[in-house]
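The values are calculated or read from the model by the stated rules, or taken from the named source; none is laboratory data. The model shown is predicted, which means the values in this text are computed figures rather than measured ones. With ideal geometry, Cβ positions are generated from the backbone for all residues, glycine too; neighbour counts draw on all protein chains shown. To get the accessible areas, we keep the full protein, side chains included, count just its heavy atoms, and leave off ligands, DNA and RNA. Shrake-Rupley method; radii C 1.70, N 1.55, O 1.52, S 1.80 Å.
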Amino acid sequence: MIRARHQGLDLLHRWEGNPAITTEDIPFRANTVFNGTPIVTEDAVYLLLRVEGQHGYSFFALARSDDGLHFVVDDKPVMLPEKEGPFAAYETKGIEDPRVTILEGTCYVAYTAASDRGPRIALAKTDDYVNYERIALISEPGNKDGILFPRKISGRYVRFDRPIGHDRGSIWVSYSLDLINWGDSEVAITPRGGYWDDYRVGASVTPIETEQGWLEIYHGVKMTSAGPIYRTGVVLLDLDDPSKVIKRGDQPILSPREEYERIGDVGNVCFASGAIILDDGRVRIYYGAADTSICIAGSTLDQILTEGF
Ligand code: BMA
């Protein structure tokens, strides 16, 4: 439900129970919790959470729910930065921003491996949401917001990523035959001068296949004299060639307005990190608010596809 003073400002409706998860819900000492990615099974909704420990680096914890709104967090983390082996050198500053895709029946998690060498996209998989098997580091440094598409296109796996070039950053599409080696990269969505997304854009949510095209809910950054503002927007991409934009919303669908979005470790952030489509067409979007809590906002697929553009 939208609180009265913000009625009509955003297309998405904030859940009246926001923030859904804060550090008070984490059963161990933590600095913040934010940017959770949902996993829907027959009998539960899980959220794989990014938790930042008090030491300063991030890792993942698991929250469980019956209704996708009220969550209970497991009493210990499910995935920590690797201390030994091939990933260790690239996870010295933590693991961040998991994004889940169910692809050919397997639950994959793309995440950001953070180190002094720069952010890299890494890929893991899980059978039970508690144990995670790392597959490969799938980008060079300077890349994040990696998200797998939920199916192959013309025989190849597809992903979004966000390489940083010249400070500004665009959403790119890359292809792979084995999920490990990626190429044929093409830029898809660029920052728009003068708009709310004029500095950087990155994929936020696992692409949603609709009859009109791939719906991507993404984050856009506007740089201001007081720092960045992170908002959420929508774009529709060609089903056969997702580097082709069919249409893109002029306005964001969610902007920081509430105190829990304005104030926190990083203020003015609504960072969508996953979405669920319910059987009746309702969409629930999970987002990190001010890098300090996890919040939920909703709409319907119909409303997003009509009024979002
Ligand atoms: C991005 C990512 C997110 C974070 C956001 C706002 O670059 O690092 O994890 O939520 O910045 O600080």
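When the Cα centres of region 100-127 and region 24-46 are compared, how far apart do they sit, in Å?
17 Å
Using amide H atoms built 1.01 Å from N in the peptide plane, name the residues 5+ places from Gln212, or on other chains, whose amide H lies under 5 Å from its own.
Those qualifying (amide H under 5 Å, at least 5 residues apart or on another chain) number zero.
Counting only other residues whose beta carbon sits under 13 Å from that of Asn35, what net charge do I get with K and R as +1, D and E as -1?
Residues close to Asn35 contribute a combined charge of -3.
Output ³J(HN,Hα) for region 157-165: one whole-Hz value per residue in order, computed from phi by the Karplus curve 6.51 cos²θ - 1.76 cosθ + 1.60 with θ = phi - 60°, and x for Gly and Pro.
5, 9, 9, 8, 8, 9, x, 9, x
With all protein chains present, how much of the accessible area of the chain (probe radius 1.4 Å) comes from carbon and sulfur, to the nearest whole percent?
Of the solvent-accessible surface of the chain, carbon and sulfur hold 45 percent.
Kindly state, as a whole number, the per residue volume in cubic angstrom of the convex hull around the alpha carbon atoms of region 184-309.
Considering the Cα atoms of region 184-309, their hull volume per residue is 109 Å³.
More than 29 Å apart: what percent of Cα pairs in the chain qualify?
The proportion of pairs with Cα distances above 29 Å equals 29 percent.
Taking H placed 1.01 Å from N in the peptide plane, check which residues at least 5 places from Lys93 or on another chain put their amide H under 5 Å from its amide H.
Here the answer is Ala114, Ser115, Asp116, since their amide H atoms fall under 5 Å of that of Lys93.
Kirkwood hydrodynamic radius (Cα pairs, Å) of region 216-287?
13.7 Å
For the chain, what is the accessible area per residue in Å², given a 1.4 Å probe and the full set of protein chains?
Per-residue value: 43 Å².
Distance between the C-alpha centers of region 242-309 and region 55-98? Whole Å please.
22 Å
Rounded to the nearest 5, what is the percent of antiparallel bridges among the DSSP beta bridges in the chain?
Around 95 percent antiparallel, to the nearest 5.
Just to confirm the filter: which GluC sites (Glu not before Pro) across region 179-262 are DSSP coil and have at most 10 other Cβ within 10 angstrom of their Cβ?
Glu211
Calculate the radius of gyration of the Cα atoms of region 1-156 to one decimal place, then report Dmax, the largest Cα-Cα distance, as a whole number, both in Å.
Cα radius of gyration and Dmax of region 1-156 are 16.6, 52 Å respectively.
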